[in-house]
1. Which of the peptides 641-653, 587-599 is most tightly packed, and how do the rest follow, going by the mean number of other Cβ atoms within 10 Å of each residue?
2. Please label the shape of the stretch 579-678 as rounded, prolate or oblate, based on the square roots a ≥ b ≥ c of the eigenvalues of the alpha-carbon gyration tensor (a/c under 1.5 means rounded; beyond that, a/b larger than b/c means prolate, else oblate).
3. Take peptides 503-512, 716-725, 61-70 and line them up by average Cβ neighbours within 10 Å, highest first, as a rough protection proxy.
4. For Asp473 and Glu459 in the same chain, what is the full-extension length gain: residue separation times 0.36 nm, less their Cα-Cα distance, in nm?
5. Taking only C-alpha pairs under 8 Å that are 6+ residues apart, what is the relative contact order of the stretch 283-386 in percent?
6. Can you classify the stretch 158-213 as rounded, prolate or oblate using the Cα gyration tensor, where a ≥ b ≥ c are the square roots of its eigenvalues, rounded means a/c under 1.5, and otherwise it's prolate if a/b beats b/c and oblate if not?
7. Using the beta-carbon distance between Asp163 and Asp325 and R0 = 60 Å, what value does 1/(1 + (r/R0)^6) give for FRET efficiency, to the nearest 0.05?
8. Do any GluC sites (Glu not before Pro) in the stretch 761-827 lie in a DSSP loop with no more than 16 other beta carbon atoms within 10 Å, and if so, which?
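Read the figures in this text as sums done on the coordinates, not as results from a lab. This one's a predicted model, so the numbers in the text were calculated from it and none came from an experiment. In this analysis, Cβ positions are derived from the backbone assuming ideal geometry, glycine residues included, and neighbour counts consider all displayed protein chains.
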Amino acid sequence: MTSRKWETRSINLSLEAQLRERKKELNLLYSFSRIVDRAENSIEDIIIGLVRIFPDAFMDPENTLAVIVYNDKVYESGKILKSDRFIREPIKKGGKEVGSVTVYYCGDSEIAFLYEEGQMVFSITERLGKIIERIKSSESLNESEERYRVTLSSIGDAVLATDGFGMIVFANAVACNLIGLEEKEIVGKRMNDVMEIFSEETGESTQIQVEDIIKTGMKIGLANHTGLKSKNGKVYSIADSAAPIIRDDGEISGIVLIFRDVTEERQKEERIAHSESKYRELVQNMNGGLLIIDSHDQGESFFLKEFKPPRGIAESAACNHSGKDVRDVFQTLEKSQLYDAIKKTFKDGKPRSVGLERYICGKQEGWWVNYVYRLPSGEIVDLSYDITEMTEIQRFKNEAGRSLFKISKAIAGKRFSLDEFMRETIETVGSSLNVDRAGIYMLNRVGEMELMLSYDLHEGKIRMDRSLAMGTDLAGEYVNLVSDKRFLSVSNVEIENSSPFVDSLKEAGIEAILDIPLKIRGKIVGSLFCDMETSREWTADEKQFAASVGDILTLALEEDELVKSEQRYRNFFEMNGAIMLLIDPSTGRIVDANEAASEFYKYDTDKLKKLSIRNLTTDSRGLKEINKLLSKETLRLVTRQKRAGGEIIDVEIFASPFRSSGVELLNFIIIDVTDALTAKDRLAEALKKVNAALEGAVELVSKVVEARDPYTAGHQENVSKLATAIAEKLDLENDSVRSVRIAGLLRDVGKVSIPAEILSKPGKLTDLEWSLIKRHPVIGYEILRDVQLGGPIAEIVKDHHERINGTGYPEGLEGSEISLESKIVAVADVVEAMVSHRPYRASKGLAEAIQEIEGNAGILYDKEVVSACVDLIKSGFSFGRSYNSKF
C-alpha cells in the first residue's frame, strides 16, 4: 500500500521538460540494472547503489532525499532534513513486508512530486522486492545443493544423478569405482552409455529406463540377479533403485540412481541355500523335533509355519498343520509352561528351556522337553524332544521302587494282616503296571483255581467276591505252563498257538497277560495275574517288578502267622529281585546284601558284606552324599558308585530305616540310572556346542569390523581383554563379565555403516564426518538389539561413549543412568585408544593414558572402574604388544 503525505499531480510541462523527466527515469532504470549486475547477488550493495542514484531521477534532485529501510538497517542518499512531504512504498518478499523505500521533498515548490515520479517509486520498489526474493531463494538453493552433494558423496552406496534430459550431472566416488571410470568421464553422458548391465540368469544385456522415469515420474528397481560389467574388467552383482527428482513446482528435473555391490551378499545367499539344504537334511534326521512359529497379532496368538515332529510323535501328526493356531495342533498347549515361554520369548527375545510337560497332538499323547528361541526375523523356533518312553520307564522305576518299599514294610509290620496285605499288593500292582485287571488265583484242594480278589483299573476298586476261575482240567494245564517259570507273559493271544488256556483267554476278551506263579517250598499254590484287553509288549522292568511282588506275596502267604515280622523280612530280602543292601548307619558297613546286589556290584555276597558302603563311592563328593543317607538327612539321592572291576555307574538310592534284633539299620534299594543320565549329559554337551558356535560368531563379527579400519586392527580384542580384566577385578557376576567381554568385541559394530575413507582419514574430520562417527553407537545398538547374545550387550554398545558428567554421546547420559558394564568398556576403550597408533597421531603411551583417566575420575569416568584399571596396568597387565610402559 503506497503511503503519501504529499499527493502527486499531473501538471502541464513543455514537451522538452517532459522528455527531460522521462530521460531521468530511464537513466535510473538503466543504472539500477547495472548495479544489480555488478553486485553479484549482494543485497546490501544493490540497496547502497540504488539509494545513491534515486534522487537524480526526480524533478528537483537537490531537494530530494531517498531512504531505504531493509533488514533493520537504514540507507540514506544524503543529509537533507526529512519533511512531511514524501512517497513511501513497502518492500515485499513472498507477500511479506521486509522493508520500505521512501522519497522526501524538502524544496519550496508547491508541487512536490509528479504523478510519473510516484509510479516510478512504486515500480522500482516492486522490482527491488523481487530481486531480494530471487537472491534469497538462490542462496537457499545453493546451500541445499551443497548439502545434497556432500551427502551423496559421503554415503556408502553408489549414486548417479541426471538432468531433465537424462544426462549425468553427478557421480560419487563409489559409483566411479564400480563403473571403472573417473567422474569427468561419466558426467555429461547418458547412464546406459557408461553402465553395461546384464541379467545374471540369462546373460542378456539390459538397460535402465531413464526416459520412462522422467516421463512417468515412477520409481523403479533393477530386476533380481542384475550384473554390472565394470570398465576395470571386474563384474559385480548389483541392486539398485531409480527415482525422479521433482521440483517444488511439480516438474521433473532429472533422476537419481542409487546402486550397490551385492556380490558378497549373492555369494552368501548361495551358501545359505546350500546350508539350508544341509539344514533340512539335518532336521529330518535329528532325534528332536522342530517347530517354527510366528504371530500376526504381536504375540496374542501364534500359528504354525513348519513342524518336524520329534521321534516319538508319528510323522502323520505333522501333516496339514501349516498356518494353524498352535493351540489347535497341541490341545493342552494353551495352559502349559511351553506356551507361556513362547509368549515371553516372542516379546523379550530371551531363550528359554521348558522342563518335562505332557502333550497331546491329535490322538497321540506323551511327554516332552522344549527349548525356545527367537530368530532375528522375529519367528519363534522350538526344539522339542519326546522323552515319553524315558519318562515312563523312569516313572515306572520310581513307582516300582516306592511300591516295593511300601509292601515290604507292610509285611514286616507288627500288625500284619494277610487280607489287607493282599488288597494293598493287588492295588499296587494294578496301578503301577497300568493294567486293565490284576488279581490273585489260589489253587483249592480239588485242583481248581479260585479267584480270591481282583483290582479293576476302570472301576478303581478291589473286588473280594470269591469265585471259580478255572476248572480242574484248565487249572491243570495252567499249572503246567507256569510251574517251571518265574513269570508267564503273552503279548498278543491272537498269534499264540491254540490251546484250552489260550482259547479261554480269547473267550474272556483278554489279549495280553503277565502271570507270576506263587510257590511255597516249590509247589504251585496260586498265581498273581495281570490282564490286558489290548495287546501289550511287556518290558523287562515290568516283568521284574511283577516277579518281585510275586516273591513278596509268596513269602507273605508262607510266613503268615508262622514267623515273626523280622524273619519274614529276612526271607523277603533274600528272595527279592530288586538290588538291596542292609547298612549299619553308624559305621556304613554293609551288613547284608541280596543276590541281585551281588550280581549288580559284581562281588560275591561274602566279599560285599566285608565292605563299607563308602568303599563303593567314587570320590569325595560321593562320600558326602552317602554320609547324608547314613545320617538320615535324606532318604533318596542320585550318586555315582563303582563295581568290582572299577566300572563307574550312576545309581538312585532309596533308604528306609529298619530295626533288627534291637539294632537300627538302613535298607537301601538301588536303581541303575546310568543310561538316563548319559542321555542328559549328551543333551548338555549339544547345548555347550551351540554356545561355542555363538561365541565364534561374535569373534567373526569383531574381525569384520576391524577389517573396515586397518589402523585399529586388534583394537576390538584389546579393549575386550582389558574390559574383561576390569570386570573380573570388580568381582562382577560371570554373566556380567561375559557381557562386558562380548560388548568389548562388538562395541564398534555400528562403524560398518560409515565410509571407510572417513574411518581412516589422517586429517581432522569435518563437522559432518564427525556427526556420522558419533552415530555408530546407536547404529550398533540397532544391529544388536534383536540378536540374542545372552545379556544387555546392545545397551553396553550404545552407551560406551557416554560420560558420567553428561558430556558423552549419543544421549548425554549421566551418572547412574549409565550401567557399570558400559562404564568399564568406556575406560578400556579410552586407555587402548591412547596407547595405540592412529593415522593422525602416534601412540601417547600408558603414562599419558593413566594420567587422562585418573585426572578425570569422577568427572568423565567412574572412580571405581578407573582404580581397578590402574591397579591392573601397574600390576603388569599386557595387551600382548609393545606400548610405552613408563608411568
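1. Ranked from most to least packed, the peptides come out as 587-599, 641-653.
2. Oblate is the answer for the stretch 579-678, as a/c is 1.5 or above yet b/c matches or exceeds a/b.
3. Averaged packing, sorted descending, gives the order 716-725, 61-70, 503-512.
4. Net length gain for the segment: 1.9 nm.
5. 29 percent
6. It is oblate, given that a/c is not under 1.5 and a/b is not larger than b/c.
7. My answer for the efficiency is 0.60.
8. When the GluC sites (Glu not before Pro) of the stretch 761-827 are filtered for loop state and at most 16 Cβ neighbours within 10 Å, Glu811 remain.
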